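One structure is given below, encoded as structure tokens.
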Amino acid sequence: MSRPLRWRSPIRGPWLTSMFALPLLAGLPVVALTGLLDRLAYGREQAIPAADAVGGLQLPWWDWPADPAWLFRLTEGLHVGLGTVLVPLVLAKLWSVIPKLFTGPERNPVALLERLSLVLLVGSILFLVVTGLLNVQYDYVFGFSFYDGHYAAAWVFLAAFTLHVVTKLPTMVRSLRSRRLRTELATPLAATRPEPPHPLVAPDPDPPTMSRRGAIALVGGGMVFVAALTVGQFTDRFRATALLLPRGRTTAPGSTERGGPNDFPVNRTFAASGIDPAVVGDGWRLTLTGGAAPVVLDRAALAALPQHTARLPIACVEGWSTSQEWTGVRLTDLARAAGVPAPASAEVRSAEAAGPFTRSLLNRAQTLAPDSMLALRVNGADLSRDHGFPARLVVPALPGVHNTKWVATIGFSGAPR
Ligand SMILES: Nc1nc2c(c(=O)[nH]1)N[C@H]1C(S)=C(S)[C@@H](COP(=O)(O)O)O[C@H]1N2
Ligand SMILES: [Mo]
């Protein structure tokens, strides 16, 4: 197109763009950094392996700690929560620079590079937002691994974002200085005039239909609205308001647990696991391996071991989290019972035979943490089947996905993994 669409909003201009950019400059690095931390927390060699290198880029792996217990709840909550709340701002920022995306061909190599970084920036952000939100709303609906696709796009984003910030920072500072926020907030629609001539400013603007303060209020209001629909996923009290998080909102549909000790979100129900009820009935046994010979315990034997109680979060990689009071047998006590007095790692397997939740690998810190346990009870009652009866793993700061339900075997090893 030689003469592109004409963008005639009279408020579009470098000042408004910079106003939208400033909070993104602060917020997007937090979303990116917490995302990378979440990947570290997820760990390697789990049931759905997460590639540690993409295009030769490798995170410096270190063992994710088990203390403080709320660590993953915080990093995952910030990543998903802030990432969601920033969406209206990202869209507003994109709207504000639309003319830039439709200018004619460039010859100047510097401008070409800038254009390329812009395409990569916009493309990667949209990809990250869409895959992230879809993953929260629906199951893993992609034709590729969400973990690896989202992670690869994050590196593209980080590179393009850095280049964009480095090249645009002086412009942003200059633009922000060109008008005073306080003056703009006092300017009504009738007094709204275009910014001075600039590639973003329409040469033939329409009459204003919204003031700059109106635009800022609209975007801010959108963010507050999204936040209001999101906070419930992190708070047990406002759970019902988490309209953007269908799975983190309720106990299992049709559950009789409403109002009871097991009334907190269920990611995947017992029915959905496909486990034969007989397997987790009276005949259920826990097998501990790693010692000279396997040790087999029934639930009564487990209940007769010293019981430990701790309030610990379940924080799902899809963003929702909850905190409950769990009671069960410490992993270190189970390791001793298994004949491995100094365990350095553990592999916990579910009775669930197939799928991504069959096993979970624990590092040394996670195995030895005093609050790490095989829980039998929650909030003073036996676990419901949906929460993993007869026994489930609960480990501080471990992503929810690895807190395996319907545990069948635990293998302890004296060697770190
Ligand atoms: N065996 C098994 N364990 C599992 C799951 C599962 O589907 N099967 N879901 C995991 C996920 S993704 C989360 S977030 C937590 C949720 O625990 P809850 O359903 O008790 O809240 O359990 C984890 N443990
Ligand atoms: Mo989860």
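The values are calculated or read from the model by the stated rules, or taken from the named source; none is laboratory data. All figures in this text were calculated on a predicted structure; none of them were measured in a lab. As a convention, Cβ positions derive from the backbone with ideal geometry for all residues, glycine included, and neighbour counts pool all protein chains shown. The accessibility values were calculated without ligands, DNA or RNA, using every heavy atom of the protein model including side chains. Shrake-Rupley method; radii C 1.70, N 1.55, O 1.52, S 1.80 Å.
Observations on the model:
- Here r is the Cβ-Cβ distance between residue 333 and residue 276 and R0 is 22 Å; the resulting FRET efficiency, rounded to 0.05, is 0.15.
- Given 13 as the ceiling on other Cβ atoms within 10 Å, longest exposed-site-free region of the chain for GluC sites (Glu not before Pro) in DSSP loops: 107-417
- Computed from the C-beta positions of residue 382 and residue 269, the FRET efficiency with R₀ = 22 Å rounds to 0.85.
- When both bridge partners sit in segment 250-356, DSSP labels roughly 100% of those beta bridges antiparallel.
- Length-normalised contact order of segment 179-338 in % [C-alpha pairs under 8 Å, at least 6 apart]: 14
- Average accessible surface area per residue within the chain, 1.4 Å rolling probe, Å²: 47
- Centroid-to-centroid separation of segment 380-413 and segment 104-125 [C-alpha atoms, Å]: 49
- Segment residue 227-residue 162, length gained on full extension (0.36 nm per residue, minus Cα span): 20.7 nm
- Ranked by solvent-accessible area (1.4 Å probe, protein heavy atoms only, all chains present), the residues 145, 96, 178 order from largest to smallest as 178, 145, 96.
- Nearest-0.05 FRET efficiency for residue 70 and residue 209, computed from C-beta distance (R0 51 Å): 0.65
- Using 0.36 nm per residue and subtracting the Cα-Cα separation, the extra length available between residue 82 and residue 325 on full extension is 84.8 nm.
- Derived scalar couplings ³J(HN,Hα) [segment 184-197; Karplus, 6.51 cos²θ - 1.76 cosθ + 1.60; whole Hz; x for Gly, Pro]: 4, 5, 9, 8, x, 3, 4, 9, 7, 10, x, 5, x, x
- DSSP-loop trypsin sites (Lys or Arg not before Pro) across segment 90-190, with at most 10 other Cβ within 10 angstrom: 107
- The chain, helix-only ellipticity at 222 nm - DSSP H runs n ≥ 4, -39,500 (n - 2.57), divided by all residues, nearest 500: -13000 deg cm²/dmol
- Separation of the residue 155 and residue 236 label points, Cα + 7 Å toward Cβ, nm: 4.1
- Entry note, segment 92-238: relative contact order of 22 percent, from Cα contacts under 8 Å with a spacing of 6+ residues.
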